[in-house]
Amino acid sequence: MTRTPRLWPGRHRGSLAVRLAIASALFGLVVAAGAMLVGVWTLLNQLDERAAVQVQGRRELLVHVLASLPSLAAVPESQSRFDELFFGHDDLHLALVERRSDRLLLTSSEVATHSLTALGHAAAEADIVHSWITPDNVRFSGLHGTALVGDGGEVEFFLSVDRRHDAALLAGFVKSTLLALPLLLLLVALGAGLVARMGLAPLRRLNKVAASIGTRSLNQRLTVDGLPAELADVALEFNRMLQRIDDGYRQLQDFAGDLAHEMRTPVATLVGRTQVALSHGRSADELREVLEGNGDELERLARLISDMLFLAQADHETVKIQPEPVDLAAESQRVAEYIGVVAEEKNVALQVQGSAPAIAADRLLVQRAITNLLSNAVRHASAGSRVEVALEAGADAVTLSVANRGETIAPEHLDRIFERFWRGDTGRARREGGTGLGLAIVRSIMKAHGGSIRVQSGAGRTTFTLKFPRARAAAARS
């Protein structure tokens, strides 16, 4: 079972500006989180590089001081010189060990003693800065290496730097970033909402204009000046839609008026004749004459209703086509014989010439199209002239043309000749039983068959040409 879409909205899904603001905030959150991670990674690398530079610089000074000492015995006695070396650098720690006996010669702090294990021979390569974290979660960086004193004694040094200040700096950066992030996201959301609201202002204007359009104001159009490219396209398409609705509404009004006008005449005739017949006693012959006249008017109404139903089906593409091989020459000859009596009364000759391969089409609809064209040609042909039906097979189509001699159709009327209820000579068409729907029906039949119809008129000669696609001829042969 197919559900019919709701024409009236029930619950709104929220403002587009609010949704854009929320989406922008979420996107900003992702971007800010990514930026924070990149910032933390960059800052951590910079702090590592700074610690490495600091340790390498003190290492060079330490090697110089050790080279100035005369022997290993002078190392413990030179505590003051080493204290001066690390003055102002409380985060640096030093331990010196005799290389040959692994005897501890000097330490600057208890932390330096712990560095012996972290920077031992098995744990790290010499003269390369390494980082580690102590059991109490304190980060250190350092290196170890060897140096010579004056008498050639070899000293192994362990130099480390406490990274607590770097950790505090990194934690402060993360904390400040996290504290500023909500405010930043709020500003982004407010800014995005404001920008979206300003950007949607033309859309609200379009909505206001669209809401004011009714059946009495279909001639209004949206102004595209100053609109963004996306909304300008929407406005142009909306204007085209309004134009189509306006044209359809006007055609519907004209059609309703024409239909009422066409039906009014036979209905008024029926009512008048019936009232006159009932006004006083009538003989059987007089009543028969009234009934025969009423029958003619009823047949006219029936044809009118049948034609309107066919056109309505054609408009909605519900005309059922039952294709079969159709010989256009044979059908044209059959229709010409059918309306030959009417043509003789007007002293008009009918001639069918040419041949064409059979096409796959609905026989009854093709007969109806040819009948309408021949009837129209005979009706407007000059007395003593000839109506010619010509068939021709082209490379891509099969054509059937109906030509007659008579009054030339004015150029301004050629575009309207296929409109419903349009007639060049209204009084003459009514006298001869025309309803103004014949050519409209022919056009609908050709459209249903994938073909076309065109008209040419000039120098007293008018020609209607039906064009059937050549593919239908191939389908008929198969």
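Filter segment 35-87 down to the residues that are among the acidic types (Asp, Glu), within 26 Å of residue 171 (Cβ to Cβ) and open to solvent by 50 Å² or more (accessible area, probe 1.4 Å) and list them by number. The one that is among the acidic types (Asp, Glu), within 26 Å of residue 171 (Cβ to Cβ) and open to solvent by 50 Å² or more (accessible area, probe 1.4 Å): 49. When residue 165 is tested against (1) under 23 Å from residue 33 (Cβ atoms); (2) touching a residue at least 24 places away in the same chain (Cβ under 8 Å); (3) surrounded by fewer than 16 Cβ atoms within 10 Å (Cβ to Cβ), just one condition goes unmet, and that condition is (1). The set of residues in segment 97-106 that are surrounded by 14 or more Cβ atoms within 10 Å (Cβ to Cβ) and not in a strand (DSSP E or B) contains only 99. Answer with yes or no whether residue 396 is open to solvent by 70 Å² or more (accessible area, probe 1.4 Å), at pLDDT below 85, touching a helix residue (DSSP H, G or I) at 6+ places or on another chain (Cβ under 7 Å) and over 16 Å from residue 372 (Cβ atoms). Answer is yes for this residue. When 143, 119 are screened for being closer than 15 Å to residue 52 by Cα, touching a strand residue (DSSP E or B) at 6+ places or on another chain (Cβ under 9 Å) and modelled with pLDDT under 75, only 119 passes. Only one entry in 390, 381 is without any contact (Cβ under 8 Å) to a residue 40 or more places away in the chain, surrounded by 15 or more Cβ atoms within 10 Å (Cβ to Cβ) and touching a Lys or Arg at 6+ places or on another chain (Cβ under 7 Å), namely 381.
Annotation: residue 429 fulfils all but one of (1) open to solvent by less than 30 Å² (accessible area, probe 1.4 Å); (2) at pLDDT 65 or above; the unmet one is (2). When restricted to residues that are under 19 Å from residue 297 (Cβ atoms) and part of a loop (DSSP other than H, G, I, E, B), segment 273-287 contains 1. Beta carbons closer than 9 Å, at least 6 apart along the sequence or on distinct chains, pair a first residue in segment 249-273 that is within 30 Å of residue 288 (Cβ to Cβ) and open to solvent by 60 Å² or more (accessible area, probe 1.4 Å) with a second that is assigned to a helix (DSSP H, G or I) and at pLDDT below 70 for 263/304. Criterion first (part of a strand (DSSP E or B) and more than 27 Å from the chain's Cα centre (by Cα)) does residue 173 satisfy it? No. Could you please let me know if residue 216 is open to solvent by 90 Å² or more (accessible area, probe 1.4 Å) and outside any helix (DSSP H, G or I)? For residue 216, the condition - open to solvent by 90 Å² or more (accessible area, probe 1.4 Å) and outside any helix (DSSP H, G or I) - is met.
Screening segment 320-369 for residues that are polar (S, T, N, Q) and more than 16 Å from residue 391 (Cβ to Cβ) and picking the one that is most open to solvent (accessible area, probe 1.4 Å) gives 322.
Scanning segment 21-47 for residues that are at pLDDT below 85 and not aliphatic (A, V, I, L, M) returns 24, 27, 28.
Of the residues 62, 94, only one is outside any helix (DSSP H, G or I) and among the aliphatic types (A, V, I, L, M); which?
94
Screening the candidates 160, 131, 176, 115 for the property of being exposed (fewer than 11 other Cβ atoms within 10 Å of the Cβ) and within 29 Å of residue 47 (Cα to Cα) yields one hit, 176.
The values are calculated or read from the model by the stated rules, or taken from the named source; none is laboratory data. Here the structure is a predicted model, which means the values were calculated and not measured. Virtual Cβ from ideal backbone geometry, glycine too; neighbours counted across all protein chains shown. Heads up: the accessible areas ignore ligands, DNA and RNA and are worked out on the full protein's heavy atoms, side chains in. Shrake-Rupley method; radii C 1.70, N 1.55, O 1.52, S 1.80 Å.
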